[in-house]
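Structure first, commentary second.
The values are calculated or read from the model by the stated rules, or taken from the named source; none is laboratory data. On a predicted model such as this, the values are computed, not experimentally measured, just so you know. Here the Cβ positions follow ideal geometry from the backbone for every residue, glycine too, while neighbour counts run over all protein chains shown. Quick note on the areas: whole protein, heavy atoms, side chains included, nothing else; ligands and nucleic acids left out. Shrake-Rupley method; radii C 1.70, N 1.55, O 1.52, S 1.80 Å.
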Protein chains: 2
Amino acid sequence: MKSDIPVTSLQRLPVYLNYLKSLDSDGFISSGSIARALGMGEVLVRKDLAFTSAQGRTRVGYSRTELIAALEDYLGCNDKKKAVIFGAGEVGKALMSYGGFSNYGIEIVAAFDNDSAKVGTYVGGKPVFDLEEASQKLAELAPRLAVICVPASAAQTVADTLVDCGINKILNFAPVLLHVKEGCVVRNIDVAANLAILSSMI
Amino acid sequence: MKSDIPVTSLQRLPVYLNYLKSLDSDGFISSGSIARALGMGEVLVRKDLAFTSAQGRTRVGYSRTELIAALEDYLGCNDKKKAVIFGAGEVGKALMSYGGFSNYGIEIVAAFDNDSAKVGTYVGGKPVFDLEEASQKLAELAPRLAVICVPASAAQTVADTLVDCGINKILNFAPVLLHVKEGCVVRNIDVAANLAILSSMI
């Protein structure tokens with residue numbers, strides 16, 4: 001079922017979840033009021049939510065708690081997933097200290113870096129291991145996700161290591177296009193590109 | 001013209017640009033080979049590139065240098081734009097030190113924070129000003145873009161200040177839905193949500 005959802009719909013599910021969580025009141029909420037609050041079309045909202053197990057009722061809408069539970073279930077928030085971070089620079093350290101991952105069932109378990117001053121330290125309670133030990137540590141930790149925060153020049157090498165170690169879901173902060181084999185997914189967060197897109201809008 | 005482009009197409013333009021820049025060879029490149037390299041459909045690539053001024057030639061493709069120039073022109077890479085950062089924590093500092101913004105014509109000119117230990121310091125050569133002085137400094141600096149990297153609880157207040165000061169393009173790292181008036185655009189970078197999306201894929 002999950003493979004049927006368009007990525008654009010999948011990307012909106014956390015937006016609905018955050019919005020529903022931000023509401024104080026319980027009770028029922030209609031797709032129309034969700035759409036108005038988020039500045040989206042009502043049909044789109046209904047189509048997106050139909051991918052989850054939530055059942056809307058005519059003229060009443062969705063139970064807020066049921067809809068939150070359905071979204072959390074769909075996004076795997078209750079399914080614990082380990083993630084590792086490559087590159088313990090500013091961005092890597094920020095992610096290690098960030099508490100919001102647990103909302104999605106994600107636990108950052110460790111980081112890797114090649115800077116001997118960082119190796120052996122702890123950030124946000126998580127250890128920084130030597131990049132050289134990556135293969136061995138990845139086999140021990142068995143994470144499902146990895147985040148690449150190394151400089152652009154080192155990102156492909158790190159991606160190759162990850163794929164060799166069987167990690168096929170990579171979030172990439174390095175402003176470079178990573179080549180991975182079929183069956184692997186890379187999502188890119190290029191901050192500069194996002195700012196450029198923003199400045200081209202309106 | 002820019003208002004006609006779908007956001008999803010706009011989001012792909014930096015991907016094409018990064019890919020074209022990563023190639024060593026000059027000469028011509030077809031939409032088919034771009035599509036294959038990026039794992040996308042050829043029709044989609046052609047449609048996206050048609051929003052720019054680049055002209056592809058039958059059976060030859062696009063001149064790589066012309067296509068790069070057209071993409072850079074469309075994304076405003078040659079049009080200097082000032083940006084400010086709110087919140088000089090780990091993420092904020094990483095952005096202040098990051099060199100990649102200039103590729104898109106974006107110059108980070110300052111950051112704002114409410115921590116007196118940070119106010120008056122420089123990161124990546126850029127000053128950290130007191131959050132209390134934001135209105136006055138924003139009037140002086142006249143930035144076109146702002147990046148919010150403050151904690152979720154403070155993000156809406158910062159967004160209100162920005163909108164009051166006439167800044168209508170905001171990149172938001174705080175994991176919260178910001179409410180802004182019509183005519184303002186907010187793009188969200190929710191790292192945890194991105195990891196959750198990734199883990200729901202395949």
Ordered shortest first, which distances in nm separate the 7 Å Cα→C-beta label point of B:Gly39 from those of the other copies? 3.1
In whole angstrom, largest first, the equivalent ellipsoid semi-axes that the Cα gyration tensor gives for the protein assembly as shown are 29, 27, 27
Counting only other residues whose beta carbon sits under 12 Å from that of B:Pro175, what net charge do I get with K and R as +1, D and E as -1? 0
So, counting K/R as plus one and D/E as minus one, what does the shell of residues with Cβ under 11 Å around B:Leu145 add up to? +4
How large is the accessible surface per residue of the range B:75-118, computed with a 1.4 Å probe and reported in Å² as a whole number? 37
Would you work out the relative contact order for the range A:9-124, in percent, from Cα pairs under 8 angstrom that are 6 or more residues apart? 22
Quick one: net charge of A:Ser30's neighbours, Cβ under 12 Å, K/R +1, D/E -1? +4
Cα-projected label distance for B:Asp115 with A:Asp26, points at 7 Å along beta-carbon direction, nm: 3.8
Percentage of interatomic Cα-Cα distances in the range A:64-113 larger than 16 Å: 47
Buried on assembly, the range B:87-134 (at least 30 Å² less accessible surface than by itself, 1.4 Å probe): B:Glu90, B:Ala94, B:Tyr98, B:Phe101, B:Tyr104, B:Ile106
Over 30 Å between C-alpha atoms is what I'm after, so list which of A:Lys181/B:Lys21; A:Lys81/B:Lys80; A:Lys21/A:Lys126; A:Lys47/A:Lys181; B:Lys47/B:Lys93 land there. A:Lys81/B:Lys80; A:Lys47/A:Lys181; B:Lys47/B:Lys93
Using a 1.4 Å probe on the protein heavy atoms, what percent of the accessible area of the protein assembly as shown belongs to carbon and sulfur? 49
Between copies, how far does the label point of B:Ser25 sit from its twins, in nm, shortest first, when each point is 7 Å from Cα along Cα→Cβ? 6.3
Among beta bridges that DSSP assigns inside chain B, antiparallel share in %, nearest 5: 20
